[in-house]
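*Asks:* Structure provided below as structure tokens; questions to follow.
Read-outs: derived from the displayed coordinates by stated rules, not from any lab. What you see is a predicted model, and the numbers here were worked out from it, not measured in a lab. When we count neighbours, we look across all protein chains shown, and the Cβ atoms used for this are built from the backbone with ideal geometry, even at glycine.
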Amino acid sequence: MGTDGGPAPLAGERVLDLTNVLAGPFACHQLAHLGAEVIKVEAVGRGDLARNLGADPELSARGMGISFLAQNAGKKSLTLNLKDARGKAVLKRLVAGADVLVENFRPGVMDRLSLGYDVLKRDNPALVYCAISGFGQDGPWSGRPAYDQIVQGASGVMSITGDADSAPLRVGYPLADTVGGLTAAMAICAALNATPRGTFIDVSMLESVLATMGWVVSNHLVGGVDPAPQGNENPTSAPSGTFQCADGPINIAANKDEQWAALARHLGRDDLLRAPAFASREDRKANRLRLRAELETVLTTRPAADWAEELCAIGVPAGPVLSVSQALALPQIAGRDFLARFEDAPGVGRPVDLVRIGAMLDGARPAVAAPPPALGQDTGDILSELGYSGAEIEMLRTEGVI
């Protein structure tokens, strides 16, 4: 629903989600929350690999793994054997009435199935076809298999994550998959706004990640600086990073000169403002470790939460370093309708709390009404809508086409 009770931004758009695991499902997760009807087309008997992944082995065994639950709420599930001619025919009927198709097979797979863009656009010239892959649809690496960690390593992300002792280090969540999915969702929304419609979108996870590394990449391309791991220090300013307090760490980002001055005075260290070693931003950057040690002589006398509240009050950005559970428990999160609870998700047997998308429209959080689907739960209804009779549907099911 829209934020004013009217249609959601993508209401009336039908999306065929042929994707697996994360990048593609996450892209379609965004589209579903923005109001699109998303039909997840899954392999017969197996479904999305994410159905068997996650921290709860029992749910994974049931085909409702937590990794699947995380980004498939609001979607319908249709099982289809795309290697069978009758399965291909079902997909083509769906495509004829669809607006978007998203797939994240290795480049060339859909063409080998005779279901590539050049074939499907004959049935629907206005189709927005989005192919998500690790490295893009062409180029010397296009045929390589790719998971998130492979892309993190190839993009340079791991080389700049951690510090001199721990790098290269993987980012602690599937960054490349997530960024690739967001890039795909953005491109799809743009293509839906084009006149006339009909677009082939080629999303490379590698390029998507590199595109988000603007400052790092530009420091190399323009400034000639070889990016290096900086740990918890902000390489563009100082004091800006993680500092030790009496009970744990705090993040402080005194990036402006006036913030640096306010910080030093609040800590009772006005003497640092007169020290030649800290006179300018470049001086502070060059002597950042010495500066951190000076500030921690005061910061370690009190808890991080107290310092964060006081520093924010005087305009110095500061905040706690929290665990995921602590972050989700923040009143800031609880008060903005970010989490959704589904009481009766099929195959789960208990309430499921999931995150919505990270945007509000006119003060309201876009949301979906239905929980993540059981494998194939909507197959019969979708085929009936396409004109298949009950007998035909039963035959297709008996013969393993659906």
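*Asks:* With a Förster radius of 22 Å, plug the Cβ-Cβ distance of Asp226 and Tyr147 into 1/(1 + (r/R0)^6) and report the FRET value to the nearest 0.05.
*Replies:* Working: r = 27 Å, r/R0 = 1.22.
Efficiency for this residue pair is about 0.25.
*Asks:* What does DSSP give for the stretch 1-132 in terms of the percent of beta bridges that are antiparallel, rounded to the nearest 5? Mind showing how you got there, number by number?
*Replies:* Working: 0 of 15 bridges.
Just about 0 percent of them are antiparallel.
*Asks:* So if I place +1 on the C-beta of Lys and Arg and -1 on the C-beta of Asp and Glu, and nothing else carries charge, what would the dipole magnitude of the chain be about its Cα centre? I want it in debye, nearest 20. Intermediate values should be presented prior to the final figure.
*Replies:* Details: 36 positive and 46 negative charges, 97 e Å.
So the magnitude is around 460 debye.
*Asks:* What residue among Ser384, Gly349, Thr398 has its Cα farthest toward the positive end of the dipole of the stretch 321-402, where the charges are +1 on Lys, Arg and -1 on Asp, Glu, each on the Cβ?
*Replies:* Gly349
*Asks:* Residue-wise, which Karplus ³J(HN,Hα) couplings in Hz belong to the stretch 146-157, taking 6.51 cos²θ - 1.76 cosθ + 1.60, θ = phi - 60°, and x for glycine or proline?
*Replies:* 8, 10, 3, 5, 4, 6, 4, x, 6, 7, x, 4
*Asks:* Something else about it: Please give me the summed charge of the neighbours of Pro372: other residues whose Cβ is under 11 Å from its Cβ, Lys and Arg +1, Asp and Glu -1. Walk me through the intermediate numbers first.
*Replies:* On the way: positive: Lys40, Arg51, Lys75, Lys76; negative: Asp48.
Charge balance in the 11 Å sphere: +3.
*Asks:* Charges only on Cβ, +1 for Lys and Arg, -1 for Asp and Glu: so what's the dipole of the stretch 240-321 about the Cα centre, in debye to the nearest 20?
*Replies:* With only Lys, Arg, Asp and Glu charged at Cβ, the dipole is about 300 debye.
*Asks:* Semi-axes of the chain's equivalent ellipsoid from the Cα gyration tensor, sqrt of 5 times each eigenvalue, largest first, rounded to whole Å?
*Replies:* On the way: eigenvalues 452, 114, 70 Å².
Semi-axes from the Cα gyration tensor: 48, 24, 19 Å.
*Asks:* Show the residues, 5+ positions off or on another chain, whose built amide H is closer than 5 Å to the amide H of Val38.
*Replies:* HN-HN under 5 Å from Val38: Val15, Lys76.
*Asks:* Which one of Ala264, Ile314, Leu291 is farthest out on the positive end of the charge dipole of the stretch 240-321, using unit charges on Cβ (Lys, Arg +1; Asp, Glu -1) and the Cα centre as origin?
*Replies:* Selected residue: Leu291.
*Asks:* For the stretch 182-190, in order, what is each residue's ³J(HN,Hα) by Karplus, 6.51 cos²θ - 1.76 cosθ + 1.60 with θ = phi - 60°, in whole Hz (x at glycine and Pro)?
*Replies:* 5, 4, 5, 4, 5, 5, 5, 4, 5
*Asks:* Right, another one. Grab the DSSP H runs of the chain that are 4 residues or longer, score each as -39,500 (n - 2.57), total them, divide by all residues and round the 222 nm result to the nearest 500 deg cm²/dmol.
*Replies:* Numbers: 18 runs with 148 residues, N = 402.
About -10000 deg cm²/dmol.
*Asks:* Taking Lys88 as the anchor, which lysines have their alpha carbon closer than 19 Å to its alpha carbon, excluding any fewer than eight residues away along the same chain?
*Replies:* Output for Lys88: Lys40, Lys76, Lys121.
*Asks:* Over the stretch 249-375, what is the mean sequence separation of C-alpha contacts under 8 Å (at least six apart), divided by residue count, expressed as relative contact order in percent? Write out the running numbers ahead of the final one.
*Replies:* Details: 118 pairs, mean separation 26.7, N = 127.
Normalised by residue count, the contact order of the stretch 249-375 is 21 percent.
*Asks:* Through the Karplus equation 6.51 cos²θ - 1.76 cosθ + 1.60, θ set to phi - 60°, convert the phi angles of the stretch 243-256 into ³J(HN,Hα) values in whole Hz; use x for Gly and Pro.
*Replies:* The phi angles translate into 10, 8, 10, 5, 10, x, x, 9, 9, 10, 10, 8, 7, 9 Hz.
*Asks:* Length gain on complete extension for the stretch Glu392 to Asn219, per 0.36 nm per residue less the alpha carbon to alpha carbon distance?
*Replies:* In short, 56.2 nm is gained.
*Asks:* List the lysines whose Cα lies under 24 Å from the Cα of Lys256, skipping any in the same chain that are fewer than 8 positions away.
*Replies:* Lys285
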